[in-house]
């Protein structure tokens, strides 16, 4: 199965897929405990943001979604976040959740810059609907981003807050390059994939 590029109009369906995939995920539990609308708003915002860049992809059945930041857009910008829906997300998170998310984002950004200081592809989100796991859909969803990075001779990077995800990312060619505790005691596993890796 292959993946197709998403448009902002595809965001609601993709956000639902990601929200189901990330139900109970440690990062989102930390910033939005017991708040499923916040989880869907967070996922939808990142889908809209990356879809506007042309770097959000989903399998044909919509069961797997990948959102990337490309090397020419290395960080989330305030203007892009406003267009993508950060204000509704902030409302769902509330002041405390918003502050926690901003603090975590700064820590993740510092770690990423230490591991990949030059141009790279950043995998922001990868999620597979619970009913469709272990069918190779994650590989299909990330395929366009990995292929673009390989064509450009660039590495890829991600972080995960669930140790159980590490082996799955290793099968995609990522290697663990760091592990740390971030705000609130949350664990974070930092992974890098070299250009051209056959993973």
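Each reported figure results from applying straightforward, stated rules to the coordinates on display, with no laboratory input. It should be emphasised that the depicted structure is a prediction, and the values quoted were computed from it without experimental measurement. Cβ placement follows ideal geometry from the backbone for every residue including glycine, while neighbour counts extend to all protein chains displayed.
Numerical summary
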quantity: Rounded Å value of the spacing that divides the Cα centres of segment 41-106 and segment 137-199; calculated: 18 Å
quantity: Per-residue Cβ neighbour rank within 10 angstrom, fewest leading, 115, 120; calculated: 115, 120
quantity: Where a label projected 7 Å from the Cα of residue 195 along Cα→Cβ would reach, residues of segment 54-96 with amide N under 17 Å; calculated: 70-74
quantity: Peptides ranked, highest mean first, by Cβ atoms within 10 Å: ranges 92-98, 19-25, 137-143; calculated: 137-143, 19-25, 92-98
quantity: Length released on extending from residue 23 to residue 151, taking residue separation times 0.36 nm less the Cα-Cα span; calculated: 42.7 nm
quantity: For segment 41-122: rounded, prolate or oblate by the Cα gyration tensor [a/c cutoff 1.5]; calculated: oblate
quantity: Distance in nm between pseudo-label sites at residue 7 and residue 105 (7 Å out along the Cβ direction from Cα); calculated: 2.7 nm
